[in-house]
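Data first, discussion second: the structure below is written as structure tokens.
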Protein chains: 2
Amino acid sequence: MHYALYYWSGIQGRGEFVRLALEDAGAEYVDMARVHGDAVMQPFLQGPTEGGQPFAPPFLKAGRQLIAQVAAILDFLGPTLDLVPQAASRRMQALQLQLTIADLVAEVHDTHHPISASKYYEDQKAEAKARATATRSERLPKFLGYFERVIEANGGRHPLREHSYVDLSLFQLLSGLDYMFPKRMQALSPTLPLLRALQERVAKRPNIAAYLASERRLAFNTNGIFRHYPELDAAT
Amino acid sequence: MHYALYYWSGIQGRGEFVRLALEDAGAEYVDMARVHGDAVMQPFLQGPTEGGQPFAPPFLKAGRQLIAQVAAILDFLGPTLDLVPQAASRRMQALQLQLTIADLVAEVHDTHHPISASKYYEDQKAEAKARATATRSERLPKFLGYFERVIEANGGRHPLREHSYVDLSLFQLLSGLDYMFPKRMQALSPTLPLLRALQERVAKRPNIAAYLASERRLAFNTNGIFRHYPELDAAT
């Protein structure tokens, strides 16, 4: 199968969770907006197309199917790319974990944009600072502690006892948080030994290592979901 | 199959999206926290349990399986309760639409809690007012207009051309927004004729009508996700 991925060309963003799955599996895909420009996404977003019309990028074209929403795309790709356990009950667990990752990703975005996604960060800096305090002190330990416990309860290496797209997404989540909150993540690290070991192992997977070293991997920046604003970071 | 639903006993909240599916299908289920108290959820949340450990309510027990995250629960229940099209590609579209509903539900919650979910609304009223302006003027038309177009592109009655759990969730979404933003939703109504007709049809389904008239349907209140604070509502 040849895939076409549609996502904003200038950021890792939510598209990166899909990209890592395609890269890890060595799948053939074209990153459409990077090749043809962001305007290539407009016909799909303006619709009307049947059923699968996307609300927002990322979305994936696989033959005649068009699928949007990161967790749905990964649930779709998982069996084909051998990135999810085969049993239906375990595939469901992968989806559940991915949705919990997505919840934290949404909270992380709202941390620098607590009032409105369409206003500049500079117009909501005071509110972002208050929100960042809650994200750092309450939300990060709660979510990351949960993922640490799930890995521990499943043998210590993978949340699903074997390699899956959830491993890749946890790698991306931690990498993004390391960029956004370096002080806070350093302080939390001793409480997250299994997540940290997983992050390192994912980075060393041959296809992932090659991808991370390539020009296809954009740098984190302050246009994406994970944004480093020093004033939003602290050790606590 | 006999189901056990776990969700906070005092609110509709996210549990209601699951409850409506179980009620519409006439499934046998026990609303565990309403029968046994909220403490009945703690052993599952404190874990460790394998794989499917929930991060938060709602979660569903079905035989030996434990599933958390509303969209994953509905994706699991859909085929068994005949609440999703049979084809894998259409089941995927249902998941995609449900995830977009979930995105709006999360934004709606953050509207009255833009700074921290663990602080009182009264401690973030000014920020909530600013956020509510953006939610009303930008986000509601964008999301609801999208769902209206999807229904239109699929025959005018259902987003998936046939009855599904997505219909039930759109009913709940609109009902919650009607409670939270009565002025804004009245102003938007003329632009949402297909959604409004769907909402009415769902309310008249025999099992749903019986449920809505029963004591099992809690009233919306200001502890849930959809909260009516008059100062956050306006026609625009």
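Could you check, for segment A:149-169, whether at least one of its residues is in a helix (DSSP H, G or I), among the charged types (D, E, K, R) and within 11 Å of chain B (Cβ to nearest Cβ)?
The answer is yes; a qualifying residue exists.
Of all residues in segment B:163-177, none satisfies being touching a helix residue (DSSP H, G or I) at 6+ places or on another chain (Cβ under 8 Å), open to solvent by 50 Å² or more (accessible area, probe 1.4 Å) and under 16 Å from B:ILE101 (Cβ atoms). The single condition from (1) farther than 24 Å from A:HIS109 by Cβ; (2) open to solvent by 30 Å² or more (accessible area, probe 1.4 Å) that A:ALA153 fails is (2).
Any residue that is within 16 Å of the chain's Cα centre (by Cα) and at pLDDT 95 or above - is there at least one of those in segment A:27-46? Full working, then the answer.
Of the residues in segment A:27-46, the ones within 16 Å of the chain's Cα centre (by Cα) are none.
Looking for residues that are within 16 Å of the chain's Cα centre (by Cα) and at pLDDT 95 or above, one finds none in segment A:27-46, hence no.
Here's the yes/no breakdown for (1) exposed (fewer than 12 other Cβ atoms within 10 Å of the Cβ); (2) not in a helix (DSSP H, G or I):
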position: B:PRO190; (1), (2): yes, no
position: B:LEU194; (1), (2): no, no
position: B:LEU198; (1), (2): no, no
position: B:ARG201; (1), (2): no, no
position: B:ALA219; (1), (2): yes, yes
position: B:THR222; (1), (2): no, yes
position: B:ALA234; (1), (2): no, yes
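Which of the helices (runs of 4 or more DSSP H) contained wholly in segment B:1-47 include at least 3 residues that are touching a residue at least 24 places away in the same chain (Cβ under 8 Å)?
Working: elements: B:15-24, B:32-36, B:42-46.
Result: B:15-24, B:32-36.
Against the condition surrounded by fewer than 19 Cβ atoms within 10 Å (Cβ to Cβ) and either closer than 14 Å to A:LEU104 by Cα or in contact with a helix residue (DSSP H, G or I) (Cβ under 8 Å, 6 or more places away or on another chain) (or both), how does A:LYS129 come out, does it pass? Yes, satisfied.
Only one of A:LEU160, A:LEU140 is more than 27 Å from A:GLY26 (Cα to Cα), touching a residue at least 24 places away in the same chain (Cβ under 8 Å) and touching a helix residue (DSSP H, G or I) at 6+ places or on another chain (Cβ under 7 Å). Can you tell me which? Of the residues listed, the single one that is more than 27 Å from A:GLY26 (Cα to Cα), touching a residue at least 24 places away in the same chain (Cβ under 8 Å) and touching a helix residue (DSSP H, G or I) at 6+ places or on another chain (Cβ under 7 Å) is A:LEU140. Within segment B:14-49, the set of residues being among the hydrophobic types (A, V, I, L, M, F, W, C), away from chain A (no Cβ under 14 Å) and open to solvent by less than 20 Å² (accessible area, probe 1.4 Å) comprises B:LEU20, B:ALA21, B:LEU22, B:ALA33, B:MET41.
Only residues that are under 25 Å from A:PRO159 (Cα atoms), of a type in the set (D, E, K, R) and in contact (Cβ under 8 Å) with a residue 40 or more places away in the chain were counted in segment B:51-89, giving 1.
The values are calculated or read from the model by the stated rules, or taken from the named source; none is laboratory data. These numbers come from a predicted model, not from an experiment. Glycine gets a Cβ as well: all are built from the backbone with ideal geometry, and neighbour counts include every protein chain shown. Remember, those area values only see protein heavy atoms, side chains included, never the ligands or the DNA or RNA. Shrake-Rupley method; radii C 1.70, N 1.55, O 1.52, S 1.80 Å.
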